[in-house]
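The values are calculated or read from the model by the stated rules, or taken from the named source; none is laboratory data. Computed from a predicted model, the values in this text were never measured in an experiment. No Cβ is skipped: glycine too gets one built from the backbone with ideal geometry, and neighbour counts run over all protein chains shown. Just the protein is used for accessible areas: all its heavy atoms, side chains included, with ligands, DNA and RNA removed. Shrake-Rupley method; radii C 1.70, N 1.55, O 1.52, S 1.80 Å.
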Amino acid sequence: MNVTLVQYDVAWLDKAANMKIAGDMIAGCGVTDLIVLPEMFATGFCMDARKIAEPENGGELLAWMKRMAYEKNAAIAGSMAVDVGKGCCNRLCFVTPDGAVEHYDKRHLFSYSEENLHYLCGKQRKIVEFRGVRILLQICYDLRFPVWSRNCGDYDLALYVASWPVNRIAVWDLLLKARAVENQCYVVGANRVGADPVCDYTGNSAIIHPYGKAMAELRDGESGCVSAVLDMEWLSGFRDKFPSLRDADKYHIEV
């Protein structure tokens, strides 16, 4: 599987501008299987949930994602605020070229910025399968909670979309690698650059090998696309040869 990260300066609360920016970058990224955008890719990480929320049955952002997926013949993933009636969720949508949509609602809400006061907490761990690869969907702060992302032999790639600020970027770099090593999986971390009214962002989006090495990355505030090929045959052989997943402790998560 060929995976492409798209990293850019998200225009604050300007959906039209961000669809144009991301759309132009996607159009020029070449042939790929999966395109990954940052957290709240069309608005920035905003706590005014009702102001930016898309309707649950599909709005302009989901329609745009479907169009991009169809035109590139690739899946596309990115999060947005979605109004589910009783409140709003920070929802990671995974859209395939045939227009099918699956989603994951952010489990760990960032209380430091009071996200928990404005968004509903997701309850369901979500794995999707696309072109022979099993993909765990995660959002930003979830990266700090290894139990939630523990590989039970049920996924090959952990996908994190984020708005992770520059003052904690060393933690981002470290934890992406840790999740890859401990879960014997590839990890994709898509972050943003630029600034919003609260934070500055330097990106450091990366595709991480199960050995914890960066296969491709964008650093130091750079906007652009970067890709890497994930080798599922190698991954299967690695897990058979070095069976740490089978030796792991059992546990139960309360939701």
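Applying the criterion of being open to solvent by less than 70 Å² (accessible area, probe 1.4 Å), in a loop (DSSP other than H, G, I, E, B) and touching a residue at least 60 places away in the same chain (Cβ under 8 Å) to the residues of the range 108-147, the residue that is farthest from residue 178 (Cα to Cα) is 119.
If you filter the range 10-39 down to residues that are of a type in the set (A, V, I, L, M, F, W, C) and assigned to a loop (DSSP other than H, G, I, E, B), you find that the one that is most open to solvent (accessible area, probe 1.4 Å) is 31. Number of residues in the range 31-87 that are aromatic (Phe, Trp, Tyr) and without any contact (Cβ under 8 Å) to a residue 60 or more places away in the chain: the value is 2. Residue count for the range 205-221 satisfying the condition of being in contact with a strand residue (DSSP E or B) (Cβ under 7 Å, 6 or more places away or on another chain) and either open to solvent by 30 Å² or more (accessible area, probe 1.4 Å) or part of a loop (DSSP other than H, G, I, E, B) (or both): 7.
If you filter the range 49-81 down to residues that are in contact with a strand residue (DSSP E or B) (Cβ under 6 Å, 6 or more places away or on another chain) and in a loop (DSSP other than H, G, I, E, B), you find that the one that is modelled with the lowest pLDDT is 56.
When residue 88 is tested against (1) more than 23 Å from residue 217 (Cα to Cα); (2) surrounded by fewer than 18 Cβ atoms within 10 Å (Cβ to Cβ), only condition (2) is not met.
Table: residues versus (1) closer than 26 Å to residue 103 by Cα; (2) touching a residue at least 24 places away in the same chain (Cβ under 8 Å); (3) of a type outside the set (Ser, Thr, Tyr).
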| site | (1), (2), (3) |
| --- | --- |
| 149 | yes, yes, no |
| 161 | yes, yes, yes |
| 183 | yes, yes, yes |
| 193 | yes, yes, yes |
| 204 | yes, yes, yes |
| 208 | yes, yes, yes |
| 222 | no, yes, yes |
| 228 | yes, yes, yes |
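Residues are listed down the side, and each one gets a yes or a no for (1) within 17 Å of residue 148 (Cα to Cα); (2) modelled with pLDDT of 95 or more:
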site: 184; (1), (2): yes, yes
site: 188; (1), (2): yes, yes
site: 191; (1), (2): no, yes
site: 196; (1), (2): no, yes
site: 199; (1), (2): no, yes
site: 205; (1), (2): no, yes
site: 209; (1), (2): no, yes
site: 215; (1), (2): no, yes
site: 219; (1), (2): no, no
